[in-house]
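Please treat every number below as a calculation from the coordinates, not as lab data. Treat the numbers as computed from the prediction; the structure is a model and nothing was measured. Here the Cβ is made from the backbone with ideal geometry for all residues, glycine too, and neighbour counts use every protein chain on show.
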C-alpha cells in the first residue's frame with residue numbers, strides 16, 4: 001500500500017546452468033522474483049530456454065499468485081530470466097506488457113527483462129513503425145527488443161548487437177537477455193538502475209537487480225555489473241564487454257538507498273540498511289528537536305528512525321501496529337479513500353505514544369497525503385506533539401528513468417515551502433535532509449556518482 005510513495009518499475013533476474021535438470025532453473029527464478037517482489041507488484045513472468053526453444057509464462061499479479069507447482073513443473077532448461085513489474089510505460093492492466101518479453105525474429109528468439117525507462121522511445125517507435133514494425137505493446141521494453149534484433153541482423157553475435165543498441169537507446173536500463181544459446185546482462189552507461197551478479201557452488205551464474213535475490217538462491221555475490229558493461233554467459237564461460245564503459249560519469253539512482261532497495265541488499269559495496277541508519281544519524285545532528293520518543297513510519301522509515309534515536313539518545317519506540325494482510329494489491333486508492341486505506345494498514349500503539357512528544361521519521365514525501373493522515377491518527381491517539389523528519393530532501397521534480405512520478409502537480413514540495421508543507425500535514429515541525437548531505441549516506445559509492453534529479457532538477461540525460 002504505497003499510495004504516497006515513489007514506486008520502482010521492476011526487478012530483473014537471470015540464471016544459467018548448462019547442467020541443470022528438470023525445472024530447477026524455473027524454481028530458482030521463482031525464488032529470485034519472490035525476493036525482488038518489492039520492486040514490482042503488478043505483473044511478473046519467467047522464461048526458460050531448453051534446446052534453443054524459449055517457453056514462458058507471465059500474468060498480472062504477485063509472483064505467488066501467477067505461479068504454482070504445476071506451472072513451474074512445465075519448464076525445463078538451462079537458462080531462465082524472470083521479471084516483476086510496476087509499470088511506468090504501457091498499460092498497467094495489459095497482460096501483454098508483462099515481462100519477460102519474448103520475440104521471434106530472423107535469428108531466432110530473444111527473451112528480455114528490463115528495469116528502467118527509455119527516454120527516446122517515441123522517436124524510435126516511429127522510426128521502426130515506418131520500417132514496418134508491428135507492435136504488441138506500448139512498452140519501451142519492446143523498443144529495446146526491436147533495437148537489438150535490428151542490430152543483430154548486421155552483427156555477428158547478440159552481445160555485439162546489444163553493444164550497438166547501447167549507442168541508440170537513451171535512458172536507464174538494466175537488462176537480462178536470453179538468446180537460444182546465451183544469457184546476457186547489460187547496464188546502461190550511466191548505471192542508473194542496479195544490477196549485480198553472483199555464482200553458485202553448482203556452477204550456476206546468477207544476475208539480479210539486488211543482492212537479496214542472490215542470497216535467496218544461495219548464490220555468492222561477485223560484483224556489480226559496471227555501467228555500460230555487457231556480460232555474456234555461454235557454455236559456462238563468462239565474458240565481459242566494456243567498450244561502452246567509462247564514457248560518462250555514473251549516475252546511480254540515490255533512491256535505491258533511500259527507499260527502493262530492500263534493506264538487506266548491498267549496492268556498490270554499501271549495505272542499504274546502513275545508508276538508512278546513517279540518514280537518521282545525520283537528521284538527528286542537523287535537524288534536532290526536543291521530544292520524548294522516536295518512531296518510524298513502517299516499514300521504510302524504521303531504519304532511519306532507529307538511527308535518529310541512536311544519535312540523539314531519545315528512545316526509539318515501535319509506534320504502529322501493521323496489518324500485514326492489507327497487501328499492495330488489495331488496497332487501491334480508487335477503491336476506498338486514502339484515509340481508510342492508511343487506517344486499514346497502520347494503527348498507532350496508543351499505550352506507547354499517548355501524551356508523548358513524538359519525532360516521526362519517514363524516508364520521503366511525495367504528495368504528503370499519507371503523512372497528513374498518519375499525523376491525524378497520532379493526534380487522535382493522544383500524542384502531545386508530532387515533529388516530522390524526512391531522511392531525504394524535498395521531492396520536487398519528476399523522474400524519467402523508471403519510477404512512477406510523472407508530473408510536478410503530484411509533488412507537494414514543488415510549489416510549497418517547508419513551512420507550508422508542515423502546516424498542510426499538521427505537524428508541529430518539519431525538516432528534511434539537505435541535498436548536500438546525501439553524499440554522507442553513501443560513503444562507499446560517492447566516486448561512482450549518483451542521480452539526484454528528483455531533488456535537484458539536474459537530469460543526467
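Under a plain spin-label model, where a point goes 7 Å from the Cα along Cα-to-Cβ, how far apart in nm are residue 409 and residue 310?
4.3
Compute the length gained on full extension between residue 123 and residue 202: take 0.36 nm times their separation in residues and subtract their Cα-Cα distance, giving the result in nm to one decimal. Intermediate values should be presented prior to the final figure.
Working: separation 79, 0.36 × 79 = 28.44 nm, distance 4.43 nm.
Extra length from residue 123 to residue 202 when fully extended: 24.0 nm.
Helix 121-130 versus the longest principal axis of the chain: what angle, 0 to 90°, nearest 10, using Cα atoms?
30
Calculate for the chain the 222 nm mean residue ellipticity that helices alone would give, adding -39,500 (n - 2.57) per DSSP H run of length 4 or more and normalising by residue count, nearest 500 deg cm²/dmol.
It lands at -7000 deg cm²/dmol.
Hey, how much of the P(r) for segment 10-248 falls beyond 22 Å, as a percent of Cα pairs? Intermediate values should be presented prior to the final figure.
On the way: 13028 of 28441 pairs.
So the pairs more than 22 Å apart make up 46 percent of the total in segment 10-248.
Taking the Cα atoms only, what angle lies between the long axis of helix 302-312 and the longest principal axis of the chain, rounded to 10 degrees?
50
In nm, to one decimal, how far is the modelled label at residue 323 from the one at residue 285, with both set 7 Å along Cα→Cβ?
For residue 323 paired with residue 285, the spin-label model returns 4.1 nm.
So what's the gap between the Cα centers of segment 49-83 and segment 154-231, to the nearest angstrom?
Between the Cα centre of segment 49-83 and that of segment 154-231, the gap is 19 Å.
How do 395, 316, 16, 325 line up, fewest other C-beta atoms within 10 Å first? Don't skip to the answer; put the middle values down first.
Working: 395 25, 316 20, 16 28, 325 8.
If I rank by nearby Cβ atoms, fewest first, I get 325, 316, 395, 16.
Defining a contact as two alpha carbons under 8 Å apart and six or more residues distant in sequence, what relative contact order in percent does the chain show?
On the way: 1129 pairs, mean separation 67.1, N = 461.
Value for the chain: 15 percent.
Looking only at the chain, where both bridge partners belong to it, what percent of the DSSP beta bridges are antiparallel (to the nearest 5)?
Working: 67 of 84 bridges.
Once the DSSP bridges in the chain are tallied, antiparallel ones form about 80 percent.
Using 1/(1 + (r/R0)^6) with R0 = 41 angstrom and r between the beta carbons of residue 18 and residue 456, what's the FRET efficiency to the nearest 0.05? Show your work: numbers first, answer last.
Numbers: r = 46 Å, r/R0 = 1.13.
Between residue 18 and residue 456 the formula returns 0.30.
Once the Cβ-Cβ distance between residue 153 and residue 248 is put in as r, and R0 is 22 Å, what FRET efficiency do you end up with, to the nearest 0.05? Could the numbers behind the result be given before it?
Working: r = 28 Å, r/R0 = 1.27.
In this case the efficiency is close to 0.20.
Sort largest first and round to whole Å: the equivalent ellipsoid semi-axes of the chain, each the square root of five times a Cα gyration tensor eigenvalue.
Details: eigenvalues 319, 98, 86 Å².
Sorted largest first and rounded, they come to 40, 22, 21 Å.
Give me the angle, in degrees from 0 to 90, between the Cα long axis of helix 272-286 and the longest principal axis of the Cα atoms of the chain, rounded to the nearest 10.
Approximately 30 degrees, to the nearest ten.
If you take the beta carbon distance between residue 384 and residue 435 as r and set R0 to 35 Å, what does 1/(1 + (r/R0)^6) give as a FRET efficiency, to the nearest 0.05? Kindly include the intermediate steps, with their values, before the conclusion.
Details: r = 32 Å, r/R0 = 0.91.
Here the calculated transfer efficiency is 0.65.
Take the Cα radius of gyration of segment 273-442 and divide it by 2.2 N^0.38 Å, with N its residue count; two decimals is plenty. Walk me through the numbers before you get to the answer.
On the way: Rg = 15.4 Å, N = 170, 2.2 N^0.38 = 15.5 Å.
My calculation over the Cα atoms of segment 273-442 gives 1.00.
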